[in-house]
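Values quoted throughout were computed directly from the atomic coordinates according to the rules given, and no laboratory measurement underlies them. From a predicted model like this one, the values you see are computed outputs, not experimental measurements. Positions of Cβ are backbone-derived with ideal geometry, glycine not excepted, and every protein chain shown enters the neighbour counts.
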Ligand code: IDP
Ligand code: MG
């Protein structure tokens, strides 16, 4: 049975600051499995669809402008409780509240420059994976020999 999948993206500030490798490493070391990865430029239409839940909020226009301002690195990570686990690796939305050891707690200071995105629920994850990746861009049926050392 396929395990849970979640969507993660290094935002333009993370890419610009050279944090891509560090950020990917956090999820790898935690034990999640990378099954999709691409660098891309987000179009305004894609950004509006992705952040649709925030439409009408005061920060929406700035958020769209920011997420389309430079390339992102989009990823799909798979594993037991992948969504909740990835959110914990990422840390609180506002970096000032993010615990040390989390990505935002170690690499970010400002709400509008918080380096990384992670889906907030398995339902959001499915929706976001669907808008960022085509089916044939995701790896299926790849069993890693180390899996038994990561999850029962
Ligand atoms: P999340 O990224 O932790 O899921 P959301 O509430 O979904 O947080 O907000 C999406 C993104 O919008 C945040 O990561 C942050 O970059 C930005 N954002 C959220 N709230 C504000 C705000 O009040 N001012 C500016 N930017 C915000
Ligand atoms: Mg969110």
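Stretched out straight at 0.36 nm per residue, the stretch from residue 2 to residue 147 would grow longer than its current Cα-Cα span by 50.9 nm. Take the Cα of residue 88, step 7 Å toward its Cβ, do the same at residue 66, and the gap between the two points is 2.6 nm.
Using r as the Cβ-Cβ distance of residue 139 and residue 43, and R0 as 25 Å, what FRET efficiency do you calculate, to the nearest 0.05? All intermediate terms of the calculation are to be shown ahead of the outcome.
Details: r = 25 Å, r/R0 = 1.00.
Between residue 139 and residue 43 the formula returns 0.50.
Each Cα pair under 8 Å and six or more residues apart adds its separation to the average, and for segment 76-152 the resulting relative contact order is 24 percent. Panel note: the C-alpha atoms of the chain, placed on their principal axes, show extents of 46, 34, 25 Å (largest first). Placing a label point 7 Å from the Cα of residue 127 along the Cα-to-Cβ direction, the residues of segment 21-65 whose backbone N falls under 17 Å of that point are 45-57, 60, 64. Relative to the longest principal axis of the C-alpha atoms of the chain, give the angle of the C-alpha long axis of helix 122-132, reported between 0 and 90° and rounded to the nearest 10°. The two axes meet at around 70 degrees. Taking every alpha-carbon pair under 8 Å whose residues sit at least 6 apart, the chain reaches a relative contact order of 34 percent.
Each peptide in 52-64, 113-125, 28-40, 73-85 gets a packing score, the mean of other Cβ atoms within 10 Å over its residues, and the list from highest to lowest is 73-85, 113-125, 28-40, 52-64. Computed from the Cα positions only, the extents of segment 62-146 along the three principal axes stand at 39, 30, 21 Å, in decreasing order.
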